[in-house]
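Input: a single structure, listed below in structure tokens.
The values are calculated or read from the model by the stated rules, or taken from the named source; none is laboratory data. As the structure is a prediction and not an experimental result, all values here were calculated from the model. With ideal geometry, Cβ positions are generated from the backbone for all residues, glycine too; neighbour counts draw on all protein chains shown.
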Amino acid sequence: MLIINTIEEVRNHLAKIREKGLSVGFVPTMGALHEGHLSLIREARKENDYVVCSIFINPIQFNKKSDLEKYPRNIETDINLLNDEKCDVLFYPSEVEMLPTTKAETFDFGGLDQFMEGKFRSGHFNGVATIVKKLFEIIEPQRAYFGMKDYQQLVIIHKITKDHNLPVEIIPCHTIREEDGLAMSSRNQLLSKSERKQAATIFKVLKMIKIHSGFSTINEIKEYVESQFRKSKTAKLEYFEIVDMYSLKPLKAWAESNNVIACTAVQVGNVRLIDNIILFS
Ligand code: PAF
């Protein structure tokens, strides 16, 4: 695998790849790679001739300095994992290279950022969109792969590629889970043993509400979820919303949408985890 640190070098290299008529699949990450990321690399491998992964811990998408500081960093292990997956290029730029001005662009997300993550993490999606748009302009992939765990991010990235006419197909990929159902996340490694056990409650509750969604109202489901987290001293519910899968607008009644997803964020100790489940579509 080639490791490239500069924009100029990766652009020149990929121009040659495209000249040969090869398709490029791209997996943007912030490192601390796990099976979830590797599954994206495998999907990219299946559908493209050439696979590029980027690792860049994007400071402008963190709204808390402490969160950025403690974000896990394992570059040596990441390189080994990417080599094992036969990734062709790792783009691993410095902060100065990617963000000479450290400023996020301001995007019009058409309201998609008003709920859930957008509401609780001010400026987060402008930071994500700034970096993802830059990466797409540098790498110019045919396809880019994103996990469904970050569902709101996926919908927002889809919108910005459409709005800015970026010629890249966004490929959503299933959330990869641990044996007990916890969605894989780089942040999981920050959990203590007892917090890790508590974190499994998140998906247990989501699975339960999928069963209940056929015969309970949205209000009843919300009350059930809140009561489940009230029981726990370590896992604190930040939000739980049942929303339309496209507009991301919170629903009050099932009849308001035919495509419905439940999304949640839970603070487990000092670690903030998100997850979701499609209720029907
Ligand atoms: O999902 C992530 O890891 C990040 O938000 C992304 C898409 C790499 C942008 O920094």
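Among the residues of segment 205-223, those that are among the small types (Gly, Ala, Ser) and either surrounded by 14 or more Cβ atoms within 10 Å (Cβ to Cβ) or touching a Pro at 6+ places or on another chain (Cβ under 8 Å) (or both) comprise Ser213, Ser216. Restricting segment 236-281 to residues that are part of a loop (DSSP other than H, G, I, E, B) and among the hydroxyl-bearing types (Ser, Thr, Tyr) leaves a set whose member that is farthest from Gly110 (Cα to Cα) is Ser281. Among the conditions (1) in contact (Cβ under 8 Å) with a residue 60 or more places away in the chain; (2) surrounded by 21 or more Cβ atoms within 10 Å (Cβ to Cβ), the only one that Ala262 does not satisfy is (1).
Whether a residue is touching a His at 6+ places or on another chain (Cβ under 9 Å) and loosely packed, with under 15 Cβ neighbours inside 10 Å was assessed, and Glu226 does not pass this test.
Residue by residue, here is whether (1) within 14 Å of Ile171 (Cβ to Cβ); (2) out of contact with any Cys (no Cβ under 6 Å at 6 or more places or on another chain) holds:
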| site | (1), (2) |
| --- | --- |
| Glu8 | no, yes |
| Arg11 | no, yes |
| Ile17 | no, yes |
| Lys20 | no, yes |
| Phe26 | yes, yes |
| Ala32 | no, yes |
| Glu35 | no, yes |
| Leu40 | yes, no |
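Within the option set Lys65, Lys16, being free of Cβ contacts under 8 Å to residues at least 12 places away in the same chain, more than 10 Å from the ligand (Cβ to nearest atom) and over 30 Å from Gln267 (Cα atoms) holds for one residue only, Lys16. Taking the stated definitions as given, is Ile57 part of a helix (DSSP H, G or I) and either touching a residue at least 60 places away in the same chain (Cβ under 8 Å) or among the β-branched types (Val, Ile, Thr) (or both)? No. When Lys16 is tested against the conditions (1) surrounded by 14 or more Cβ atoms within 10 Å (Cβ to Cβ); (2) modelled with pLDDT of 95 or more, the lone failure is (1). Could we say that Ser232 is modelled with pLDDT under 95 and under 25 Å from Leu182 (Cβ atoms) here? The answer is yes for Ser232.
For segment 46-60, filtered to residues that are away from the ligand (no atom under 15 Å from the Cβ) and buried (at least 19 other Cβ atoms within 10 Å of the Cβ), the residue that is nearest to the chain's Cα centre (by Cα) is Val51.
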